[in-house]
Amino acid sequence: MGLNPIVEEVTRRVRERSRESRTAYLALAERSRGEGAARARLGCANFAHAFAAEPQPEKIVLRASRAPNLAIVTAYNDMVSAHQPLGAFPGIIRGAAREAGATAQVAGGVPAMCDGVTQGRPGMELSLFSRDAIAMGTAVALAHGVFDAVLCLGVCDKIVPGLLIGALHFGHLPVIFVPAGPMASGMPNEERSRVRQLHAEGKAGRAALLEAETRSYHAPGTCTFYGTANSNQFLMEVMGLHLPGSAFVPPGSALREALTRAATRRAAAITAMGAEYTPIARVIDERAVVNAIAGLLATGGSTNHTMHLVAIARAAGITIDWDDFDRLSRVVPLLARIYPNGSADVNQFQGAGGPGFVIRELLQAGLLHPDTRTVAGEPLAAYAREPVLEGAELRWRPVRAQSGDASVLRQAGDPFQPDGGLRLLTGNLGRAVIKVSAVKPAHRIVEAQAAVFDDQDEVLARFEKGELHRDFVAVVRFQGPRANGMPELHKLTPALGALQDAGFRVALVTDGRMSGASGKVPAAIHVSPECLAGGALGRVRDGDLVRLDAVAGTLEARVPASEWNARPQASADLSANAAGWGRELFAAARANALSAEQGASWFAPGEEHGSPARVMNTVRP
């Protein structure tokens with residue numbers, strides 16, 4: 001089947017609007033390339049510093065400058081379960097590089113915070129901006145100029161986008177992402193959510209809640225729901241930055257180690273020193289970005305990627321916006337039901353066919369560009385295969401023809417729903433996104449009076465007092481990047497979910513974020529412009545009639561236009577969010593952050609920097 005005309009149209013529009021910035025980006029990558037081993041261009045003193053601590057055999061190879069030297073940029077720490085397995089990877093990589101006649105060095109480490117640990121805590125206000133800190137850390141690691149290719153070790157929420165943004169600023173280098181894999185399945189996600197909701201209602205104690213959480217998060221590896229971390233892994237597959245089928249192979253397995261070794265050998269083979277040079281600037285182009293959006297929609301992935309993909313694309317000189325997501329969502333069907341969009345976890349998704357099944361189905365339906373470049377050196381169809389060990393040898397075979405579980409994964413001709421998992425909402429409250437794949441059709445339209453809050457704890461306090469047992473739309477404002485770093489508001493989900501289950505019509509409207517694990521309650525999130533930047537949420541008052549319509553794609557306050565336009569903007573005291581827990585170190589990030597639709601970066605290039613609106617919006621109330 002040929003390429004879907006909407007996919008083709010969106011790609012053309014992205015290419016046209018990005019023409020100037022993309023041309024400049026590619027020119028910079030080409031100027032940075034050079035000939036031969038990168039380290040050979042160093043002065044002697046610089047060069048000597050670069051291998052002073054290496055064992056003698058590696059010193060000999062490095063000094064000769066005839067073999068590739070691979071950078072390892074790692075997000076390892078042993079507190080984050082998803083990253084704990086990465087501690088063993090540098091040793092595996094060095095051994096595989098040696099066997100390939102190359103060398104490998106840990107170029108640098110980047111921070112990896114766990115949103116599950118910081119959820120609802122002050123540290124969550126550093127979470128989004130940690131992505132940009134990771135990008136800068138990646139740049140610092142690679143700025144030594146002694147590497148010919150990069151292996152990025154990271155899994156979770158801000159870490160993979162940050163690593164990718166940083167790597168894209170070294171567009172002349174080949175880059176392969178090396179994942180760690182998910183933990184074994186524990187307590188079913190729906191059961192854990194049930195206990196959380198009981199606890200929110202005061203019907204389960206802390207001991208019961210802790211037991212449920214401990215049974216859910218219990219081993220090394222990625223959390224098994226389909227939040228931002230596992231959405232990251234799928235996107236690295238569909239963008240061609242993994243070796244095929246790498247995403248959801250368990251940590252500690254022989255296959256996981258074989259894939260890590262294979263990624264190392266492949267990185268050594270695709271440097272500018274060989275015949276298969278594959279710089280990341282040529283892998284991540286307009287087609288790859290559109291493929292990523294389509295893959296996100298088809299799997300009901302994390303809403304965080306409506307910001308991360310924008311920021312990733314910008315780093316490659318490509319401009320996308322939420323209209324592109326919405327346009328593609330009209331034609332890309334939902335093929336997967338993974339929690340929170342269903343009851344299955346990623347291990348069940350993998351067992352039913354996994355990423356390769358989805359990629360094959362989308363390719364056959366004409367919903368992915370088939371001709372993108374990949375680090376595997378083959379067309380994207382190669383990612384419709386799964387890795388297996390035959391004895392000690394790593395091979396790939398086609399994914400199964402039929403889904404192993406039709407309640408988890410379906411073919412494009414028989415989807416769970418004919419359109420994707422995300423929607424754009426527009427109206428007099430601004431522009432927002434909503435994840436509809438986990439929201440039942442009966443809850444996709446909510447019209448009720450507004451209850452306005454400037455802090456998520458205010459919502460919970462009123463819930464605990466029994467003051468919210470009614471139909472209402474919770475408007476939680478001053479939660480955007482400039483206000484407080486845009487923390488996730490996931491701890492609202494149990495309370496709002498309990499009210500919805502009790503039969504009340506409830507919804508959330510906010511300029512903040514929700515967790516990638518949220519979904520059953522309709523939530524218009526990332527409302528842009530944010531309140532602190534003059535956004536319309538600052539005009540909403542308690543009792544205003546607000547309509548969230550995910551079917552029509554509208555978000556409106558039903559207030560007469562004359563009254564609405566005459567209302568002054570609300571203000572808020574944000575001094576408590578400015579210091580403590582390291583927040584003062586991110587004051588410049590808050591002051592300079594772009595909007596959510598622009599990726600929420602504070603160092604992103606573009607005409608927004610220095611514009612009158614942007615300067616005005618840095619002023620804090």
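Here are some notes:
- Helix 19-31 and the longest principal axis of the C-alpha atoms of the chain enclose an angle of approximately 30°.
- For LYS203, the lysines whose Cα comes closer than 28 Å to its Cα, not counting residues fewer than 8 places off in the same chain, are LYS440, LYS465, LYS491, LYS520.
- The C-alpha atoms of the chain define a longest principal axis, and helix 159-168 lies at about 50 degrees to it.
- At 0.890 mPa s and 25 °C, Stokes D of region 481-551 from Kirkwood alpha-carbon radius, µm² per second: 186
- Think of each Lys and Arg Cβ as +1 and each Asp and Glu Cβ as -1; about the Cα centre, that makes the dipole of the chain roughly 700 debye.
- For the listed peptides 447-455, 82-90, a ranking on the average number of other beta carbons within 10 Å per residue, highest first, reads 82-90, 447-455.
- Summed side-chain charge close to ASP115 - residues other than ASP115 whose Cβ falls under 11 Å, Lys, Arg +1, Asp, Glu -1: +1
- Kirkwood hydrodynamic radius (C-alpha pairs) into Stokes-Einstein, the chain, 10 °C and 1.306 mPa s, D in µm²/s: 64
- Centre-to-centre separation between the Cα atoms of region 158-172 and those of region 382-414: 29 Å.
- With every protein chain in place, region 436-519: carbon and sulfur % of accessible area (1.4 Å): 47
- Positive-end residue, the chain charge dipole about Cα centroid, Cβ charges, pick of ALA263, THR103, GLY166: THR103
- Measuring between their Cα centroids, region 222-292 and region 14-48 lie 22 Å from each other.
- Computed from Cα atoms, the angle from the helix 206-216 axis to the main principal axis of the chain rounds to 40 degrees.
- Under 5 Å between amide hydrogens, built in the peptide plane, is the criterion, and for PHE478 it picks out ASP511, CYS531, LEU532 among residues at least 5 positions away or on other chains.
- Using Cβ point charges alone (K and R +1, D and E -1), the dipole size of region 423-549 about the Cα centre works out to roughly 420 debye.
- Taking the Kirkwood radius as Rh and the Cα radius of gyration as Rg, region 126-230 has a ratio of Rg/Rh equal to 1.15.
- Largest to smallest principal axis extent of the C-alpha atoms in region 14-90, angstrom: 51, 41, 19
- Debye log10 I(q)/I(0) for region 131-174, one point scatterer per Cα, at q = 0.31 Å⁻¹: -1.16
- For region 195-339, with all protein chains in place and a probe radius of 1.4 Å, 52% of the accessible heavy-atom surface sits on carbon or sulfur.
- Relative contact order %, the chain, counting alpha carbon pairs below 8 Å whose residues are six or more apart: 14
- Two-site label geometry, ASP323 and LEU210: point separation in nm, points 7 Å out along Cα→Cβ: 5.3
- Between the residues SER343, PRO251, LEU328, the greatest Cα displacement towards the positive end of the dipole of the chain, with unit charges on the Cβ of Lys, Arg, Asp and Glu, is found for PRO251.
- The string of couplings for region 433-438 from the Karplus curve (6.51, -1.76, 1.60, θ = phi - 60°) is 10, 9, 8, 9, 5, 9 Hz, one whole number per residue in order, with x for Gly and Pro.
- Label-point gap, in nm, between ASP414 and VAL117 - each point 7 angstrom along Cα→Cβ: 4.5
The values are calculated or read from the model by the stated rules, or taken from the named source; none is laboratory data. Small disclaimer: the values here were computed from a predicted structure and weren't measured. Neighbour counts run over all protein chains shown; Cβ positions are idealised from the backbone, glycine included. In case anyone asks, the SASA skips ligands and DNA or RNA and just uses the protein heavy atoms, side chains included. Shrake-Rupley method; radii C 1.70, N 1.55, O 1.52, S 1.80 Å.
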